[in-house]
Structures are given as structure tokens and as C-alpha cells.
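Take a look at the structure set out below.
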Amino acid sequence: MRALSLIHEKLSDHYARVWNYGHELLRSNPESTVRITVTVNPDNTTTFHRFYICFKAIREGWKRGCHRVIGLDGSFLKGQCKGELLTAIGRDANNQGGRGVCVISDQHKGLVEASKDILPYVEHKKCARHIYANFTKVYSGMVFRNMFWVDEKSTAEGDFKFNMEGIRAISFAAYDHLMAREPTSWCKAYFSTGLACEAVENGITECFSAIIVDARKKPVLTMLEDIRLYMLERAFNLKQEAGNWKLVCSSKWSE
């Protein structure tokens, strides 16, 4: 118990040391991005507000060889101090207002609007599985299930419209429900070419959020360290796996 208490420490100690932690990250990871903001209270004291981290190695790797997709997701902290951990897989790597980049997220309106402010030219996709989950709350059954995924996987606008007519023939209300969810954001027929990504689900960030469930129960610095160590281990394992490939892989993306 004493060992655990020393690791987790008092919450006040954690928040008092976030600046030291940020400086250590920059010392050990030069040219990374670390931003810490506080809230100034009426009595001129400050309260921790936000901590943003993007490691240079991950940023540069994304720019050089990964698909031009940014996955967004948010998950609530489970410790004594409540808050929200926002995950942006692929963020901090584009300086052209989002041109040539796609953002995929759940149907969270706040994330959609925030991404428009930061990346005004980005293409925004909504997770088709979340669209479907909300759809089935009212329109359930195998018929609607099968028809929805046929609609979602349509690769031409004409095919999408033809397949949607099948839903309208069964239920005008179901048709209107899906059309109100902006099909251009969840149907393949409307996705831009050249992004090297056909993802229709936000699995990339959902998976990450599932992995860090235990970390979200811990104080802020312990949580951040758990996430950092996971990312380092994952990068190492992927590098080891890639070293065993027999094929030559290259990226067509330029800096």
C-alpha cells in the first residue's frame, strides 16, 4: 500500500508538478509539442485546465508514412478528479488548414465543430457504427441492418440513391432519419479519393480508448506516464514486426 501511495501521491502534488513533467518531456523528446494551460481564478490563484502532448517522432512518422486520417474521440476520467481525455490520432501534423486530410469521429457535435475551427478545409467523416447504433434504437431488425450496410458501402452516388430507395419503400421515416444524418459523411460514395483510407468506423480511437481504461482511473501524471509507456512499447513492437516483412513498402506522400 505504501508503494502505491508513493506512486500515485496526493492529487495536489500531481497538479503542482505538471510543469516539471512537461519540461522533462521536452528535454527527452526535443521538438515535440507540450502545452499546459491554467485557469486564473478571481483571487489570482491558478487551477490546472489542460495538458496537450504530441511527440515529434509520432508526428513525423504520421506525416511520412501513414494514411491522412485523424481519429477523434473523448473519454471521461475515472479518478477522484473528473475531466475528459481527448484523443487525436494523427493531430499536430498538418499546417494547411486540413487540406488533404480526413477527420473521423463519433456523432459528437462539439468535436465536429471544433475540428472545423482548427482545420477549416478538412473532410469530416462520422463513424458509421454510431450512425447505425442510433438508427437501430428506432428501426431495428435484420432487414434494416442489412440495407443500412449496403447503403453505407455504396461506392457510387447512383448506387447509394438506388439502395436508399429500398429503405424508403419499407419506411419513409427510416429513410428521412438516415438522410438527416448527412450521408456525405458516412457513405463511401461521397468520400474523397487520394486519402488512402476507406475506414467507415472510428475503430482507431475506440481501440486506443479501450486500452487506456485502467490509466484513466489514475492521477494525471501517472495516467500520462502509463499512456506514454504504452505508446513507446507499441511503436517498438510495430518496428520489430515491420523488420520481418519481406516486401518493400514505400509512401507516395510527400513532406
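The values are calculated or read from the model by the stated rules, or taken from the named source; none is laboratory data. As the structure is a prediction and not an experimental result, all values here were calculated from the model. Every residue, glycine as well, gets a Cβ built from its backbone with ideal geometry; the counts of neighbours run over all protein chains shown. Ligands, DNA and RNA are excluded from the accessible area calculation, which covers all protein heavy atoms including side chains. Shrake-Rupley method; radii C 1.70, N 1.55, O 1.52, S 1.80 Å.
A few notes on this one:
- Count of region 144-175 residues which are open to solvent by less than 70 Å² (accessible area, probe 1.4 Å), over 23 Å from residue 104 (Cα atoms) and of a type in the set (Gly, Ala, Ser): 5
One line per residue, one yes/no per condition, for (1) within 16 Å of residue 73 (Cα to Cα); (2) at pLDDT 85 or above:
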residue	(1), (2)
174	no, yes
180	no, yes
212	yes, yes
219	no, no
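- Per-region count, region 204-229, residues open to solvent by less than 40 Å² (accessible area, probe 1.4 Å), in a helix (DSSP H, G or I) and under 25 Å from residue 101 (Cβ atoms): 4
- Any helices (runs of 4 or more DSSP H) falling wholly within region 112-192 and containing at least 2 residues that are over 28 Å from residue 87 (Cα atoms): 142-152, 157-170, 172-179
- Qualifying positions in region 214-227 - touching a residue at least 60 places away in the same chain (Cβ under 8 Å) and within 19 Å of the chain's Cα centre (by Cα): 216, 223, 224
- Restricting attention to region 1-31 and to residues that are at pLDDT 90 or above and not in a helix (DSSP H, G or I), the residue that is surrounded by the most Cβ atoms within 10 Å (Cβ to Cβ) turns out to be 29.
- Here residue 178 meets the list (1) open to solvent by less than 30 Å² (accessible area, probe 1.4 Å); (2) touching a residue at least 60 places away in the same chain (Cβ under 8 Å) almost entirely, failing just condition (2).
- Single residue of region 98-124 satisfying the filter (among the small types (Gly, Ala, Ser) and modelled with pLDDT of 70 or more) that is nearest to residue 193 (Cα to Cα): 100
- Of all residue pairs spaced 6 or more apart or on separate chains, those with beta-carbon atoms under 6 Å, a first member in region 13-31 that is farther than 16 Å from residue 46 by Cα and a second member that is surrounded by 16 or more Cβ atoms within 10 Å (Cβ to Cβ) are 21/221; 22/34; 25/34; 26/34; 29/55.
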